[in-house]
Each structure stands twice: as C-alpha cells, then as structure tokens.
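Asks: Take this structure first; my questions come after.
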Amino acid sequence: MSEIKDVVIIGGGPAGLAAALYTSRANLKPVMFAGSPPGGQLTLTSDVENYLGFDSILGPELINKMRAHVAKFGVTIFDENVTSVELNQAPFKIKSIDREVMAKSVIIATGAKALWLNLESEQRLKGKGVSACATCDGFFFKNKIVAVVGGGDTAMEEALTLTKFATKVYLIHRKDSFRASKIMQDRVLKHEKIEVVWSTVVTEVLGENRVEGLKLQNLKDNTTKELKLDGLFLGIGHKPDTELFKDCVKLDEKGYILTAVMAAWEGKEKIASTYQTSTSVEGVFAAGDCVDHVYRQAATAVGMGVAAALDVERWLELQ
C-alpha cells in the first residue's frame with residue numbers, strides 16, 4: 001500500500017498555495033494537485049494593483065512568485081487535474097490520470113470561474129478592457145466609459161463600483177426588468193452615472209488591441225447599433241469548480257462548498273465542527289473561491305487558505 005500523506009491540496013491558485021506554504025512549514029509534507037493549467041483566475045488577470053506588497057504586478061507573475069515561494073519549502077506539486085476523489089472515509093483517495101494519492105486530510109481549493117458571453121472578441125480582449133471583476137480592475141478606468149452586462153445583484157454591484165471611477169456606466173440587460181434585489185435596483189436606477197440599456201445583448205466587442213466599443217442587438221425590434229466605450233465588465237455570475245465534490249460534501253444551491261463558518265453565516269444546515277474551514281466531511285477542509293461567493297479576491301483566498309492549513313494542522317494533532 002502506498003504511503004498515506006498527511007494532507008493533499010486540490011487547487012493551485014492563491015488559496016491552495018497559501019495552504020501549501022503553511023502546511024509545509026508545519027512539516028506536514030503536503031502534496032498539491034495544482035491543475036492544468038495551474039494558477040486559477042489570477043493567470044487570466046493582467047495588472048494587479050490591489051495585492052499588498054506589490055505596487056503593480058501581472059497576475060501570472062504573482063502566481064509564479066507564490067509558486068516559487070512554496071517550492072522553497074519542498075511542497076510536492078503536480079500540475080495535473082484531479083479526475084476523481086473518494087472522501088467517504090479516511091484515508092481519502094485522490095486520483096489524476098497519472099497517479100493516485102492517499103491522504104489523512106484534504107484541502108479543497110479549486111476556485112471558481114467567471115461566466116462569460118463566449119464571444120471570440122470577448123475572449124481575445126480579456127485583460128485588455130474586458131473584465132469580470134470591477135473591484136479588481138475598476139481603478140484602471142478612471143474617467144472612462146464602461147459597460148456592465150447582467151441583471152442580478154452581481155451586475156448591480158459591478159455597476160455601482162464602477163461609478164467611483166468611470167464617467168459613465170452602461171448597464172446592458174437582455175430582459176426588460178432586473179432580477180436583482182429591490183434595494184440594489186433602486187440604487188442603480190437612481191444613479192446619475194448609470195444608463196440602463198434594456199432588452200439588449202452584446203454581439204461583438206470592438207477593438208483590435210483594446211476595447212473600443214460594443215456591437216449591440218435589441219431583442220425586441222432586432223435593430224443593431226454600436227456603442228463607443230473603453231471597458232466591458234461581465235456581471236453574469238461565477239461558477240465554482242466543485243462538480244467533482246457534489247456527491248462528497250455539502251454544497252449550497254449555487255454549487256459553492258459549505259464550510260462550518262459559511263453554513264453558519266448563510267443560515268444553512270449547521271456543520272458541526274470547531275474548525276471554521278471544515279466541510280461536512282470530517283478531515284476535509286475548503287478555502288478560496290470554491291467557498292467564497294462574497295469577496296472573491298486573491299487576498300481573501302490567501303487568508304482562507306492559511307486558515308484551512310491551520311485547521312488541518314490542529315485537526316491532525318488530535319487524530
């Protein structure tokens with residue numbers, strides 16, 4: 001029988017790397033499945049100016065620095081996707097195409113992905129004026145004109161955040177009414193910088209090397225028009241990468257992993273554990289954007305990864 005590892009970390013973004021750093025320094029000899037390609041959403045981000053300690057750094061460069069830091073402490077990293085897990089009883093079994101690892105504990109840090117319109121032009125201009133995070137990138141659009149796509153609370157929050165920087169914010173929604181909460185709708189509809197474009201979809205993002213405008217189609221009269229602007233923000237939600245765990249641990253209705261602290265905060269079914277990052281399975285912990293649908297920042301993911309590592313260390317001491 002192969003050696004049973006103290007901890008396996010699934011996910012190679014900021015949360016997973018932070019967990020790897022802390023568990024390795026606690027001499028737990030963690031094994032990480034970082035995914036392929038590794039790095040999470042930061043690898044799709046251009047300039048990062050809101051990560052403490054770096055005035056400005058490219059997202060992929062920040063991830064590489066994190067990986068290099070972790071590597072100094074001897075973490076075993078496989079840039080492979082996990083294909084299956086068995087978490088019904090310890091030792092837990094984690095498999096990729098190339099290997100199988102047994103573990104006393106697991107930290108899930110698989111992150112989430114922003115939902116996109118899946119236009120060729122949108123994908124080509126990601127990080128060049130197309131973004132899915134106003135908190136991350138709004139600062140780069142000072143005195144610019146931008147648009148947000150969506151009709152839920154996420155889109156409302158993105159639009160309101162952008163009003164702090166942009167001179168004008170178009171809010172483009174495919175329907176003729178919002179599904180967002182009433183209070184968020186009221187704030188948006190009353191804001192002097194926001195103009196709502198109803199019953200309309202984006203059919204193309206215009207620009208070669210940066211966003212220069214949008215091609216729009218009105219769904220009621222089928223007319224098309226072009227809108228000149230400098231940035232496009234997607235506010236149509238995020239999807240957590242948790243499909244692999246849906247039959248293993250408790251998820252909320254959107255697919256985010258419920259930890260003890262999040263279940264309590266959301267008023268969900270209580271997860272009985274003294275460890276805040278514990279999932280519904282004892283010995284399995286979770287951190288980062290696969291848990292957090294509120295803040296979704298690299299810095300908060302790092303903090304959650306640290307918390308999960310400390311929880312694992314304390315949990316293992318009692319086994």
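None of the figures in this text is laboratory data; all of them are computed from the coordinates on show. Model, not experiment: these values are computed from the prediction. All Cβ positions, even for glycine, are placed from backbone atoms using ideal geometry, and neighbour counts span all protein chains on display.
Asks: In square nanometres and to one decimal, what's the mean projected area of the convex hull around the Cα atoms of the chain?
Replies: Computing the convex hull of the Cα atoms and averaging its projections yields 17.4 nm².
Asks: In terms of modelled amide H atoms, which long-range or inter-chain residues lie less than 5 Å from the amide H of Ile172?
Replies: Val148, Val149, Gly150, Val197
Asks: While we're here: How long is region 1-148 along each principal axis, judged by its Cα atoms, biggest number first, in Å?
Replies: So the extents along the principal axes, rounded to whole Å, are 61, 33, 22.
Asks: Can you tell me which lysines have their Cα less than 18 Å from the Cα of Lys142? Leave out same-chain residues fewer than eight positions away.
Replies: Straight-line reach from Lys142, under 18 Å: Lys128, Lys164, Lys168, Lys193, Lys228.
Asks: What cysteines in the chain have no other cysteine with a beta carbon less than 4.7 Å from their beta carbon?
Replies: Here Cys248, Cys290 come out as lacking a disulfide-compatible partner, given the Cβ-Cβ threshold of under 4.7 Å.
Asks: Provide the convex hull volume over Cα atoms per residue for region 116-234, in Å³.
Replies: 90 Å³
Asks: To continue, here is another question. Using only Cα atoms, tell me the angle between helix 14-25 and the longest principal axis of the chain; keep it within 0 to 90° and round to the nearest 10.
Replies: That helix lies at roughly 20 degrees to the long axis.
Asks: Right, another one. Kindly express, to the nearest 10 degrees and within the range 0 to 90, the angle between helix 153-162's C-alpha long axis and the longest C-alpha principal axis of the chain.
Replies: For 153-162 against the chain, the angle is about 70 degrees.
Asks: Stick to the Cα atoms of region 100-163, pair each with every other, and give me the Kirkwood hydrodynamic radius in Å at one decimal.
Replies: For region 100-163, the Kirkwood estimate is 14.3 Å.
Asks: Hey, another quick one. Applying the Karplus parametrisation 6.51 cos²θ - 1.76 cosθ + 1.60 with θ = phi - 60° to the phi angles of region 115-124, what ³J(HN,Hα) value in whole Hz is obtained for each residue in order, glycine and proline being reported as x?
Replies: 7, 10, 7, 6, 8, 4, 5, 5, 5, 5
Asks: Rounding to the nearest 20 debye, state how big the charge dipole of region 116-234 is about its Cα centre with +1 on each Lys and Arg Cβ and -1 on each Asp and Glu Cβ.
Replies: I would put it at about 200 debye.
Asks: Something else now. If packing is taken as the average count of other Cβ atoms within 10 Å, what order do 2-9, 28-35 fall into, highest mean first?
Replies: Final packing ranking: 28-35, 2-9.
Asks: Quick one: which residues, 5+ away or cross-chain, put their amide H under 5 Å from the amide H of His238? H built at 1.01 Å from N.
Replies: Amide H to amide H, under 5 Å and 5 or more residues apart or across chains, His238 pairs with Leu115.
Asks: Here's something else I'd like to know. Find, among the GluC sites (Glu not before Pro) in region 224-319, those assigned to loop by DSSP (not H, G, I, E, B) with at most 13 other beta-carbon atoms within 10 angstrom.
Replies: Glu253, Glu269
Asks: Right, something else. Between Ile145 and Ala264, how high is the FRET efficiency from 1/(1 + (r/R0)^6) when r is the Cβ-Cβ distance and R₀ = 51 Å? Nearest 0.05.
Replies: Efficiency for this residue pair is about 0.75.
Asks: Taking region 241-282 on its own, what percent of its Cα-Cα pair distances exceed 17 Å?
Replies: Pairs farther apart than 17 Å: 21 percent.
Asks: Taking θ = phi - 60°, what integer Hz values does the Karplus form 6.51 cos²θ - 1.76 cosθ + 1.60 yield along region 57-67, in sequence order, with x for Gly and Pro?
Replies: 8, 6, x, x, 5, 4, 4, 4, 5, 4, 5
Asks: Can you show me the helix-derived [θ] at 222 nm for the chain, built from DSSP H runs with n ≥ 4 at -39,500 (n - 2.57) apiece and divided by the number of residues, rounded to the nearest 500.
Replies: -7500 deg cm²/dmol
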